[in-house]
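Engineer: If you scroll down you'll find the structure; I have some questions about it.
The values are calculated or read from the model by the stated rules, or taken from the named source; none is laboratory data. Since the model is a prediction, treat every value here as computed from it, not as a measurement. Cβ placement follows ideal geometry from the backbone for every residue including glycine, while neighbour counts extend to all protein chains displayed. Remember, those area values only see protein heavy atoms, side chains included, never the ligands or the DNA or RNA. Shrake-Rupley method; radii C 1.70, N 1.55, O 1.52, S 1.80 Å.
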Amino acid sequence: MPHDTLAPIVSRRACRACAALARAALIIGATLIWGGAVARASTVTPPEREDAPVAMPSTPGTTVERSLDFTAHYGRDTPLGHHRVTVAKAANGDTVVDVDIRFEAKLLMITAYRYHHVSHEVWHEGRLAALDSSTDDNGQKDWVKGHAVEDGFAVESSHGAVTAPADIIPTSYWNPALLTASRLLDTIRGVVMDVKVDRGDRR
């Protein structure tokens, strides 16, 4: 929102705070997706919005094995949203992973930033067999659909089509194999990224 539109409503100081909050939301959004220390574990579940997009359906006949639920906060007491990962086992032995990331930053009842990402993965014998994701990044919408083929993993997305390596790991950050991977599949844009994992200074 332009400064001259906000000026009649809030003070100059509040306007600067709104811009700062929007920038903070962008940083927190990247942190939730790419990992970091901003999100902290919580047992609190933020209320669902009535207009929230419907999460992708889970595969029938699955048994949940692991479930992680994080709440993201701005400052100490202001909740922004959640990051949920559910890992389940299907009756046929496949592993099914569902991710739901949703947060919203507000100032004076004005939404400064909104983000929602859902993805559904199916793994067969340790290999990614199918992927379906949808992302709404403050109005910018992206999608990814992929499935295993004989010589790799075929991907179609809002950014085009590509064939990833058969052993590709998606950026859903639940699989420990990600720590040793040299290439990752971006679950938001559907592109293959060359990566290097840096464990940092452990001293």
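Engineer: Any residue in the stretch 68-87 that is at positive phi sitting within a Cβ distance under 7 Å of a residue that is outside any loop (DSSP other than H, G, I, E, B)? List the pairs, counting only those 6 or more apart or interchain.
Structural biologist: Every condition considered, the pairs that remain are G81/A72; G81/R102; G81/F103; G81/E104.
Engineer: So, one more: Would you mention how many residues in the stretch 133-162 are within 11 Å of G190 (Cα to Cα) and surrounded by fewer than 18 Cβ atoms within 10 Å (Cβ to Cβ)?
Structural biologist: 9
Engineer: Would you check which residues across the stretch 74-132 are touching a helix residue (DSSP H, G or I) at 6+ places or on another chain (Cβ under 6 Å), closer than 21 Å to D186 by Cβ and of a type in the set (A, V, I, L, M) and list them?
Structural biologist: Hit for the stretch 74-132 is I101, nothing else.
Engineer: If you take the residues of the stretch 51-92 that are more than 17 Å from R114 (Cα to Cα), small (G, A, S) and outside any strand (DSSP E or B), which of them is modelled with the lowest pLDDT?
Structural biologist: In this case the residue turns out to be S58.
Engineer: For residues in the stretch 116-131 being more than 17 Å from W143 (Cβ to Cβ) and among the charged types (D, E, K, R), which is most open to solvent (accessible area, probe 1.4 Å)?
Structural biologist: Out of the qualifying residues, it is E125.
Engineer: So which residues in the stretch 184-203 are touching a strand residue (DSSP E or B) at 6+ places or on another chain (Cβ under 7 Å), over 22 Å from V87 (Cα atoms) and either of a type outside the set (D, E) or surrounded by 13 or more Cβ atoms within 10 Å (Cβ to Cβ) (or both), if there are any at all?
Structural biologist: Scanning the stretch 184-203 gives R189, V191, V192, M193, V195.
Engineer: Another one. Give, as residue ranges, the strands (runs of 3 or more DSSP E) completely inside the stretch 132-203 that count at least 1 residues that are of a type in the set (A, V, I, L, M) and more than 18 Å from the chain's Cα centre (by Cα).
Structural biologist: Once the strands (runs of 3 or more DSSP E) in the stretch 132-203 are filtered for at least 1 residues that are of a type in the set (A, V, I, L, M) and more than 18 Å from the chain's Cα centre (by Cα), what remains is 140-149, 152-157, 160-164.
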